[in-house]
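Structure record follows, encoded as structure tokens.
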Amino acid sequence: MENADCKIPRPEYPRPQMVREKWLNLNGRWEFEIDNGKSGRARRLFESEKLRGGIIVPFCPESRLSGVEYNDFMESVWYRREFVIPEDWYSRRVLIHFGAVDYAAEVWVNGMSAGNHMGGYTPFTFDITDLIKKGINIVTVCAEDDVRSGLQPRGKQSSEYYSHGCDYTRTTGIWQTVWLESVPESYISSFKYIPDPGNKCLHIEAFFKGSPSGLNFKAEAMFNGKIEGRGESVVTGNHTNLTIG
């Protein structure tokens, strides 16, 4: 495993399904800067060599564990850290995953935009293969979260300075694990399980990225370590269906 360092916060594999061996946890110390004037893009912080402060990811800046514990409103925050890609990853695709960033996020790698995501509660992924280089790479994240605007869902997050109506502190920016993953040129991106107990079978729909058409997709169903069934199908386009029964 790539992440045996117990000093990394939340070092466990972050995804309960689709476990892959080649991954790298980016939790831990990041550079950090509050940008309430939203001038960071004009100041080109995505190309900056250093931000003003620091934070422990994946803890939000309002929390004690983050090392920041700033409880006033933060309309925009920036994160920056360096990382090095393992040598055996360069012949494969490299993905960066964010468990959650509240609320609107943009990600840069080596000063180049990797993508945008809106929504504070859902994970997202960018393929950064064409943005990385050998040696030191830099990932920068800008998160904008204006709970007072009325333009975004805020759930239990208070639009007043003090929380009211619930005991829940506002959450800004990165608040779930950030991690890198190495995958082959064609790989499974997601799948659906559809149990069919009446017919004693399991339907699987798998989705792929890359150029998977013509590849064989195989699946096994196990219970208590015993294989209960197998299935195989040929991928057409970017998805396939099979039934195990």
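Please treat every number below as a calculation from the coordinates, not as lab data. Computed from a predicted model, the values in this text were never measured in an experiment. Cβ atoms come from the backbone with ideal geometry, glycine included; neighbour counts cover every protein chain shown.
Close Lys pairs in the chain, defined as Cα atoms under 28 Å apart and 8 or more places apart or on different chains, number 24.
The dipole here belongs to the chain: it is taken about the Cα centre, uses +1 on the Cβ of Lys and Arg and -1 on the Cβ of Asp and Glu, and is about 220 debye.
Specify the residue with the greatest mean-square fluctuation among Gly115, Gly229, Gly173, computed from a Gaussian network of the chain linking alpha-carbon atoms under 10 Å apart. Of Gly115, Gly229, Gly173, the most mobile in the Gaussian network model is Gly229. Computed from backbone phi with θ = phi - 60° and the Karplus coefficients 6.51, -1.76 and 1.60, the 3J(HN,Hα) list for segment 199-216 is 9, 6, 8, 10, 9, 10, 10, 10, 10, 10, 10, x, 10, x, 4, x, 6, 8 Hz; x is used for glycine and proline.
Couplings for segment 7-22, taken from phi via the Karplus curve 6.51 cos²θ - 1.76 cosθ + 1.60 with θ = phi - 60°, read 6, 6, x, 6, x, 5, 4, x, 10, x, 10, 6, 5, 10, 6, 8 Hz in order; Gly and Pro are left as x. Taking only the C-alpha atoms of segment 1-119, Rg followed by Dmax gives 15.2, 45 Å. Each residue of segment 38-48 is assigned a 3J(HN,Hα), and the resulting list reads 6, 9, x, 5, 5, 7, 6, 5, 5, 10, 5 Hz, derived from the Karplus form 6.51 cos²θ - 1.76 cosθ + 1.60 (θ = phi - 60°), x at Gly and Pro. Note on segment 66-130 and segment 169-189: Cα centroid distance 8 Å, given to the nearest whole angstrom.
Over the Cα atoms of segment 163-238, the radius of gyration divided by the Kirkwood radius equals 1.19; this is the Rg/Rh ratio. When the alpha-carbon atoms of segment 1-62 are used, the pair Rg, Dmax equals 15.2, 42 angstrom. Evaluating kT/(6 pi eta Rh) at 25 °C and 0.890 mPa s, with the Kirkwood radius of the chain over Cα pairs in the Stokes-Einstein relation, gives 122 µm² s⁻¹.
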